[in-house]
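Engineer: Sharing a structure with you now.
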Amino acid sequence: MSLLDVCSGAGGLALGLEQAGFDPVMLIDNLPVACETLRLNRPWWDICEVDLVEFDPVDAKQVYDVDLLSAGLPRVRASAAVNRPAGNSDEITLIRATIMLMHAVQPRALLIENMAKLIEDDEHRDIRDFVEEELDHLGYRGRWFVMNAADYRVPQDRRQGIFVAMKGDGIDAFEEPARVLEPPITVGDALRASMASRGWAQADEWADYANRLAPTLVGGSWNRGGGDLGPTGTKNAWARMGVNGGSLADELPGPEYRWRPDLVRSELIRLTVDQTAHLQGFPSDWKFAGGKTARYRQVGNASPPPVARALGEALRKVLL
């Protein structure tokens with residue numbers, strides 16, 4: 001199964017699809033540090049560092065007629081509207097570019113991952129209508145649905161909006177991935193081993209205290225601010241697990257660290273970037289390029305690989 005992945009970021013979507021049996025013929029992203037991450041982990045992948053709007057498939061004919069075109073598109077802001085002629089956001093521009101790429105590439109299937117609100121909110125109806133109308137002209141029919149990463153063994157409450165389209169009547173045979181019928185993995189259970197790895201005596205105590213799912217990780221804007229775990233409400237949720245969500249740690253706690261959940265937030269334990277990547281479902285050997293903030297931005301903006309794998313396995317059942 002051949003794959004063209006656009007807006008690839010740190011590779012979460014492509015990695016999960018690779019685990020499901022898809023072979024990427026090309027990945028496209030315009031962020032240098034993200035492309036560096038992709039090359040660091042998969043030097044044999046063809047990484048095209050270019051703005052999707054400027055990509056011309058005439059120069060990359062291996063992308064024609066791939067089995068799957070996947071796109072982990074940036075989250076659409078509430079004020080974005082696809083039918084607004086002027087001032088369209090970058091997110092809308094990338095949605096348009098992805099759909100326009102379908103005209104040239106003609107894949108057997110399309111997979112778009114975004115926020116749940118893109119599917120659920122009326123304010124985004126014009127975007128959904130645009131996608132459906134353009135694809136209908138090309139002979140594709142699609143389905144919108146929402147998945148939660150926590151249902152696929154990702155220790156995080158992360159609702160994702162998914163769109164799958166196929167040529168002809170293929171979408172009628174597509175079944176949304178079944179949830180994994182096991183108890184969700186808590187933050188404490190997910191990070192227990194790493195917290196204890198440098199001899200921190202309270203690792204089990206903290207892990208038992210952090211007995212809930214992580215709130216949605218967000219990478220934030222590339223244009224401002226440092227690395228933190230999200231807005232105020234998210235930081236409060238982390239504090240209830242004994243975690244300082246205001247910044248990230250450079251290293252794991254050692255034997256000398258003393259943790260008390262009743263301390264002010266700034267004195268609570270902080271997570272490392274590698275730990276946040278684990279909460280996003282990345283394998284431990286997946287490395288991120290750049291400094292601490294750049295690495296966390298990539299983690300927070302990524303699609304969890306286990307969800308992508310579940311989607312890929314569901315798509316393969318129809319495409320094979």
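What follows draws every value from the coordinates through simple rules; no lab data is involved. Just so it is clear, the structure is predicted and the values come from calculations on it, not from any experiment. Cβ: placed from backbone, ideal geometry, glycine included. Neighbour counts: every protein chain shown.
Engineer: Classify the stretch 192-287 from the C-alpha gyration tensor, please: rounded if a/c falls under 1.5, else prolate or oblate depending on whether a/b exceeds b/c.
Structural biologist: Working: a/c = 1.65, a/b = 1.23, b/c = 1.34.
It is oblate, given that a/c is not under 1.5 and a/b is not larger than b/c.
Engineer: Now for a separate question. Please turn the phi angles of the stretch 108-113 into ³J(HN,Hα) values with the Karplus equation 6.51 cos²θ - 1.76 cosθ + 1.60 (θ = phi - 60°), one per residue in order, whole Hz, x for glycine and proline.
Structural biologist: The phi angles translate into 6, 8, 10, 10, 10, 10 Hz.
Engineer: On a 0 to 90 degree scale, rounded to 10, what angle separates helix 125-137 from the longest Cα axis of the chain?
Structural biologist: 40
Engineer: Using the number of other C-beta atoms within 10 angstrom as an exposure proxy, rank Phe282, Phe174 with the fewest first.
Structural biologist: Details: Phe282 26, Phe174 18.
Arranged by neighbour count, lowest to highest, Phe282, Phe174 become Phe174, Phe282.
Engineer: How far, in degrees from 0 to 90, does helix 90-105 lean away from the longest principal axis of the Cα atoms of the chain, to the nearest 10?
Structural biologist: Approximately 40 degrees, to the nearest ten.
Engineer: Amide H neighbours of Tyr64 under 5 Å, counting only residues 5+ apart in sequence or on other chains, H built in-plane at 1.01 Å?
Structural biologist: none
Engineer: Angle between the Cα long axis of helix 305-319 and the longest principal axis of the chain, 0 to 90 degrees, nearest 10?
Structural biologist: Relative to the chain, helix 305-319 is tipped by roughly 30 degrees.
Engineer: Right, another one. Would you be so kind as to identify which of Ala14, Leu94, Ala34 lies farthest towards the positive end of the dipole of the chain, taking Lys and Arg as +1 and Asp and Glu as -1 on Cβ and the Cα centre as origin?
Structural biologist: Ala34
Engineer: What number, rounded to the nearest 500 deg cm²/dmol, is the helix-based mean residue ellipticity at 222 nm of the chain, given -39500 (n - 2.57) per DSSP H run of at least four residues and division by all its residues?
Structural biologist: Values: 11 runs with 107 residues, N = 320.
About -9500 deg cm²/dmol.
Engineer: Specify which residue in the list Ala193, Gln62, Ser284 is farthest towards the positive end of the charge dipole of the chain, using unit charges on the beta carbon of Lys, Arg (+1) and Asp, Glu (-1), about the Cα centre.
Structural biologist: Checking the options against the dipole of the chain, the answer is Ala193.
Engineer: Projecting each Cα onto the charge dipole of the chain (Lys/Arg +1, Asp/Glu -1 at the beta carbon, about the Cα centre), which of Gly227, Ala239, Phe163 comes out farthest on the positive side?
Structural biologist: Of the candidates, Ala239 comes out farthest on the positive side.
Engineer: Continuing with this model, one more query. Would you work out the charge dipole size for the stretch 129-265 about its Cα centre, treating the Cβ of every Lys and Arg as +1 and the Cβ of every Asp and Glu as -1, and quote it to the nearest 20 debye? Don't jump to the answer; show the numbers that get you there.
Structural biologist: Values: 16 positive and 21 negative charges, 131 e Å.
Here the size comes out at about 620 debye.
Engineer: To the nearest 20 Debye, how big is the dipole of the chain about its Cα centre, given +1 on the beta carbon of each Lys and Arg and -1 on that of each Asp and Glu? Before the final figure, lay out the partial values.
Structural biologist: Numbers: 35 positive and 46 negative charges, 178 e Å.
The calculated dipole for the chain is roughly 860 debye.
Engineer: Show which aspartates and glutamates lie in cross-link reach of Lys235 when reach means a straight Cα distance below 17 angstrom and same-chain residues fewer than eight apart are skipped.
Structural biologist: Those aspartates and glutamates meeting the cut-off are Asp157, Asp262, Glu267.
Engineer: Further, regarding this structure: Checking the cross-link filter: which aspartates and glutamates have an alpha carbon closer than 12 Å to that of Lys287, excluding same-chain neighbours under 8 positions apart?
Structural biologist: In chain and number order, the partners are Glu36, Asp274.
Engineer: Counting only DSSP beta bridges with both residues in the chain, what percent are antiparallel, rounded to the nearest 5? Could you put the intermediate results ahead of the total?
Structural biologist: Numbers: 16 of 36 bridges.
Of the beta bridges lying entirely in the chain, close to 45 percent run antiparallel.
Engineer: Going by average Cβ density within 10 Å per residue, which order do the peptides 130-140, 191-201, 296-306 take, highest to lowest?
Structural biologist: Working: 130-140: 15.4, 191-201: 17.1, 296-306: 26.1.
The peptides rank, most packed first, as 296-306, 191-201, 130-140.
Engineer: Right, next: Within a 10 angstrom radius of the beta carbon, how do Trp206, Trp144 rank from fewest other beta carbons to most? Don't skip to the end; give the middle numbers.
Structural biologist: Details: Trp206 24, Trp144 16.
Sorted ascending by nearby Cβ count, the order is Trp144, Trp206.
Engineer: Pick from Gly246, Gly220, Gly291: which residue has the top mean-square fluctuation in a GNM of the chain where Cα pairs under 10 Å get a spring?
Structural biologist: Result for the chain, Cα springs under 10 Å: Gly291 fluctuates most.
Engineer: To continue, here is another question. Here is the link list: Lys117/Lys167; Lys61/Lys117; Lys117/Lys292. Which ones come out longer than 31 Å on Cα distance? Could you put the intermediate results ahead of the total?
Structural biologist: On the way: Lys117/Lys167 26 Å; Lys61/Lys117 35 Å; Lys117/Lys292 29 Å.
Going by Cα-Cα distance, Lys61/Lys117 fall outside the 31 Å limit.
Engineer: Report, in debye and to the nearest 20, how large the dipole of the stretch 187-299 comes out about its Cα centre when Lys and Arg carry +1 and Asp and Glu carry -1 on their Cβ.
Structural biologist: Numbers: 14 positive and 12 negative charges, 87 e Å.
For the stretch 187-299, the charge dipole is close to 420 debye.
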